[in-house]
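A quick write-up on the structure given underneath.
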Amino acid sequence: MADLFAWLISFFLVIGIIGIILFQLMCLADLEYDYINPYDSASRVNKAVLPEFIAQGILCLLHLTTGHWVMFLLCLPFAYYNVTIYTRRQHFVDVTEIFNQLPWEKKDDLEHRG
């Protein structure tokens, strides 16, 4: 029964992470089409980064504690990447550089965070 609850929690965490990533991509797409100014877009994306990192960390720890080693090993590179860019303070989107970083940020959201 505990295994069922672990997979349910895992499922809802993954759905939450996908929702956060889609929100970030929508903010960047709105910026690209001039529906929103750079300051608002950067602040919205920056507010969503830390909850995404926390949810991915919790998901990784959940798989570790429940003994799902393959899933843990699949989550581990993402957790390492998140810790690395967080400790280097590269996880925030800079307002002044957002137009220069826009294609990279959209690609980064799809490849590394998703």
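The values are calculated or read from the model by the stated rules, or taken from the named source; none is laboratory data. Remember, predicted model here, so these are calculated numbers, not experimental data. Cβ placement follows ideal geometry from the backbone for every residue including glycine, while neighbour counts extend to all protein chains displayed. Calculation scope for accessible area: heavy atoms of the full protein, side chains included, ligands and nucleic acids excluded. Shrake-Rupley method; radii C 1.70, N 1.55, O 1.52, S 1.80 Å.
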Checklist line | Residue in segment 39-69 that is nearest to the chain's Cα centre (by Cα), counting only those that are surrounded by fewer than 17 Cβ atoms within 10 Å (Cβ to Cβ), more than 22 Å from Tyr80 (Cα to Cα) and of a type outside the set (Asp, Glu) | finding: Ser43
Margin query: Condition first: surrounded by 14 or more Cβ atoms within 10 Å (Cβ to Cβ) and among the aromatic types (Phe, Trp, Tyr). Now tell me which residues in segment 8-38 satisfy that.
Written below: Phe23
Note to self: Where the second residue is open to solvent by 60 Å² or more (accessible area, probe 1.4 Å) and part of a helix (DSSP H, G or I) and the first is on the phi < 0 side of the Ramachandran plot and lies in segment 6-22, which pairs have Cβ atoms under 6 Å and are six or more apart or on separate chains?
What the structure shows: none
Next item on the list: Evaluate the following for Asp94: is it touching a residue at least 24 places away in the same chain (Cβ under 8 Å), among the charged types (D, E, K, R) and open to solvent by 50 Å² or more (accessible area, probe 1.4 Å)?
Entry: yes
Check: Which ones in segment 1-17 are over 16 Å from Met71 (Cβ atoms) and part of a helix (DSSP H, G or I)?
Finding: Gly16
